[in-house]
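Every read-out reported here was derived from the displayed coordinates using simple, explicitly stated rules and does not represent laboratory data. As the structure is a prediction and not an experimental result, all values here were calculated from the model. Glycine also receives a Cβ, built like all others from the backbone with ideal geometry; neighbour counts cover every protein chain displayed.
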Amino acid sequence: DGGITQSPKYLFRKEGQNVTLSCEQNLNHDAMYWYRQDPGQGLRLIYYSQIVNDFQKGDIAEGYSVSREKKESFPLTVTSAQKNPTAFYLCASSMDRVPTYEQYFGPGTRLTVT
Amino acid sequence: AQKVTQAQTEISVVEKEDVTLDCVYETRDTTYYLFWYKQPPSGELVFLIRRNSFDEQNEISGRYSWNFQKSTSSFNFTITASQVVDSAVYFCALSGAVTGANNLFFGTGTRLTVIP
């Protein structure tokens with residue numbers, strides 16, 4: 001089955017710790033994206049990558065970092081510099097390098113930092 | 001600037017009623033794309049439809065239909081004969097071919113509850 005996997009579904013961390021969220025896709029999509037969703041709000045773009053070894057900041061990149069060493073994988077690290085890290089994080093991919101084509105989303109990771 | 005407004009925060013309907021979810025957008029691009037996504041309680045966003053700015057034809061897919069009107073910058077979504085399984089948060093989104101071409105701008109979503 002083709003799709004996007006994110007693990008784990010729920011993640012708990014202590015304040016001050018870095019944490020890495022996994023995102024893997026087997027759709028052979030070029031582009032991958034990370035979004036953050038807060039209660040009652042839409043999704044906001046954190047980072048995106050159009051091609052391996054290249055990525056760009058989105059609207060709210062501060063306190064986050066990413067890597068794209070393989071086409072299939074786009075992990076997101078939430079660093080201790082992120083002031084309000086508790087949120088629902090969604091990874092997506094699209095066939096085209098710009099989101100004029102639909103994006104396919106993973107099941108999300110709910111991160112709680114205390 | 002790109003902006004999507006979904007003024008309806010929450011809607012409740014009784015099963016089998018029709019319901020329309022509103023979406024109003026703003027963009028300076030002449031070429032742009034509009035989307036609707038469904039987010040069920042599981043959290044994963046499910047793609048429903050993509051529309052480009054040059055295609056104003058309305059679309060129907062089963063119980064779902066979409067009304068795209070450039071004159072009013074609206075892209076409304078109607079569910080006919082709603083079912084409990086339609087309960088979810090629905091997001092309208094916009095992508096500009098030029099402005100913010102690598103960004104999908106989402107509205108704040110409309111939570112639809114279908115009461116059996």
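With θ set to phi - 60°, apply the Karplus curve 6.51 cos²θ - 1.76 cosθ + 1.60 along the range B:22-38 and write out the HN-Hα couplings as whole Hz, x wherever there is a Gly or Pro.
8, 9, 10, 10, 10, 7, 9, 6, 8, 10, 7, 10, 10, 9, 10, 10, 10
For the range B:13-78, which trypsin sites (Lys or Arg not before Pro) are both in a DSSP coil and crowded by at most 16 other Cβ atoms within 10 Å?
Sites meeting the loop and neighbour criteria: B:Lys16, B:Arg28, B:Arg63.
Other chains near A:53-63: what is the mean number of their Cβ atoms within 10 Å of each residue's Cβ?
1
If I take R0 = 25 Å and measure r between the Cβ atoms of A:Asn28 and B:Asn52 in this structure, what FRET efficiency does the formula 1/(1 + (r/R0)^6) give, to the nearest 0.05?
It comes out at approximately 0.60.
Could you tell me the calculated FRET efficiency between B:Glu59 and B:Thr31, based on Cβ-Cβ distance and R0 = 30 angstrom, to the nearest 0.05?
The formula returns an efficiency of 0.95 here.
Taking a 21 Å limit on the Cα-Cα distance, which of the listed pairs A:Lys14/A:Lys70; A:Lys70/B:Lys3; B:Lys3/B:Lys70 fall beyond it?
Listed pairs above 21 Å: A:Lys14/A:Lys70; A:Lys70/B:Lys3.
Kindly give the semi-axes, whole Å and largest first, of the ellipsoid equivalent to the protein assembly as shown, taking each as the square root of 5 times a Cα gyration tensor eigenvalue.
Calculated on Cα positions only, the semi-axes equal 29, 21, 16 Å.
Divide the volume of the convex hull of the Cα atoms of chain B by its number of residues and quote the answer in cubic angstrom per residue.
Taking the convex hull of the Cα positions in chain B, it is 92 Å³ per residue.
Return the distance in nm (one decimal) between the two label points of a simple spin-label model at B:Ser74 and B:Val24, each offset 7 Å from Cα along Cα→Cβ.
It is 0.9 nm.
Got a sec to turn the phi values of the range A:77-87 into Karplus ³J(HN,Hα) couplings, 6.51 cos²θ - 1.76 cosθ + 1.60 with θ = phi - 60°, whole Hz, x for Gly and Pro?
Taking θ as phi minus 60°, the curve returns 9, 9, 8, 5, 7, 6, 6, 10, x, 5, 5 Hz for the range A:77-87.
Please turn the phi angles of the range B:54-70 into ³J(HN,Hα) values with the Karplus equation 6.51 cos²θ - 1.76 cosθ + 1.60 (θ = phi - 60°), one per residue in order, whole Hz, x for glycine and proline.
Working through the residues one at a time gives 8, 10, 8, 5, 6, 10, 10, 9, x, 8, 9, 8, 10, 10, 9, 10, 5 Hz.
Along the charge dipole of the protein assembly as shown, which of A:Phe105, A:Pro8, B:Thr78 sits closest to the positive end, that is, farthest toward it, with unit charges on the beta carbon of Lys, Arg, Asp and Glu (+1, +1, -1, -1)?
My answer, from the dipole projection, is A:Pro8.
Using DSSP to define loop residues, name the GluC sites (Glu not before Pro) in the range A:1-93 whose beta-carbon has at most 12 other beta-carbon atoms within 10 Å.
Listed in order of number, the matching sites are A:Glu15, A:Glu62, A:Glu69.
Add +1 for every Lys or Arg and -1 for every Asp or Glu among the other residues with Cβ under 14 Å from the Cβ of B:Val114, and state the total.
Local charge sum for B:Val114: -1.
Could you list which residues have their amide H under 5 Å from that of B:Thr113, counting only those 5 or more apart in sequence or on another chain, with H placed in the peptide plane?
Placed amide hydrogens put B:Ile11, B:Ser12, B:Val13 under 5 Å from B:Thr113.
Only sites in a loop by DSSP and with at most 15 other Cβ atoms within 10 Å count here; which GluC sites (Glu not before Pro) in the range B:36-116 make the cut?
B:Glu56
If you stretched the chain out fully between B:Glu10 and B:Ser42, how much longer would it get, using 0.36 nm times the residue separation minus the C-alpha to C-alpha distance?
Answer, rounded to one decimal: 9.7 nm.
Counting residues in the range A:14-109 as N, plug N into 2.2 N^0.38 Å and put the Cα Rg over that result.
It is 1.01.
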